[in-house]
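Comments concern the structure below.
The values are calculated or read from the model by the stated rules, or taken from the named source; none is laboratory data. Predicted model, so just to flag it, every value in this text is computed and none were measured. Here the Cβ positions follow ideal geometry from the backbone for every residue, glycine too, while neighbour counts run over all protein chains shown.
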Amino acid sequence: MPEAGYITSQPFEYERIGAAAIYCSDGRYNEQFDEFLHNHLKLPRYDRLVVPGGPAVLAGHFSSYRDEEVMVEQLRFLIEGHELDRVVMVAHKGCGFYRKRLMVSERRVRVQQEEDLVKAAARVRAVSRNVVVSGFIADLTDGDAAEKARVVIEPVDVA
């Protein structure tokens with residue numbers, strides 16, 4: 001049985017911001033990434049390319065070659081069609097894509113993510129030299145049942 005329609009409380013905004021965010025589809029980080037992009041980077045709206053592994057898909061890994069080609073075409077469309085001038089990429093701690101798809105050991109994931117952000121940034125720049133690209137890694141603070149962990153998002157030099 002179909003559900004009733006829904007009218008959002010947020011009005012539609014016609015103006016484009018000119019930015020896109022590429023990050024992993026791990027839903028545990030959705031709210032924190034939105035908060036970071038909205039409040040810290042001052043991007044009230046942005047186009048999203050959200051897939052398992054996020055920017056890792058653009059880093060030239062053989063096991064994600066087909067995904068990379070699709071993502072590059074989607075990114076090219078957004079850059080040209082939506083006139084993007086900024087791309088923000090965020091990797092995160094505990095990413096299953098690194099462990100299960102890329103077979104990276106837990107102790108090496110952070111290093112691999114930093115390397116992948118640099119490679120992914122170069123891939124984005126190959127699509128358009130006019131786009132400013134920035135990279136970040138999300139980590140967790142210490143937390144337990146009494147005090148939940150927080151997400152800490154740190155910049156990575158992708159120049």
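Quick check on region 75-86. Is at least one of its residues in contact with a helix residue (DSSP H, G or I) (Cβ under 7 Å, 6 or more places away or on another chain), surrounded by 13 or more Cβ atoms within 10 Å (Cβ to Cβ) and under 16 Å from Ile137 (Cβ atoms)?
no
Checking Val118 against (1) touching an Asp or Glu at 6+ places or on another chain (Cβ under 9 Å); (2) under 24 Å from Ala159 (Cβ atoms); (3) modelled with pLDDT under 95; (4) of a type outside the set (Lys, Arg), which single condition isn't satisfied?
For Val118, the failing item is (3).
Identify all residues within region 62-114 that are outside any helix (DSSP H, G or I) and touching a strand residue (DSSP E or B) at 6+ places or on another chain (Cβ under 7 Å); write none if there are none.
Hits for region 62-114 are His82, Leu84, Asp85, Arg86, Val87, Val88, Met89, Val90, Ala91, His92, Lys93.
Please find, within region 1-27, the residue that is nearest to Ile137 (Cα to Cα) out of those that are touching a Gly at 6+ places or on another chain (Cβ under 8 Å) and not in a loop (DSSP other than H, G, I, E, B).
So the first thing to find is which residues in region 1-27 are touching a Gly at 6+ places or on another chain (Cβ under 8 Å), and the list is 22-26.
Filter again for not in a loop (DSSP other than H, G, I, E, B), leaving 22-23.
Details: Ile22: 12, Tyr23: 10 Å.
The qualifying residue nearest to Ile137 (Cα to Cα) is Tyr23.
Which residues, taken from region 1-57, are of a type in the set (Lys, Arg) and exposed (fewer than 10 other Cβ atoms within 10 Å of the Cβ)?
Lys42 - this is the single residue of region 1-57 that is of a type in the set (Lys, Arg) and exposed (fewer than 10 other Cβ atoms within 10 Å of the Cβ).
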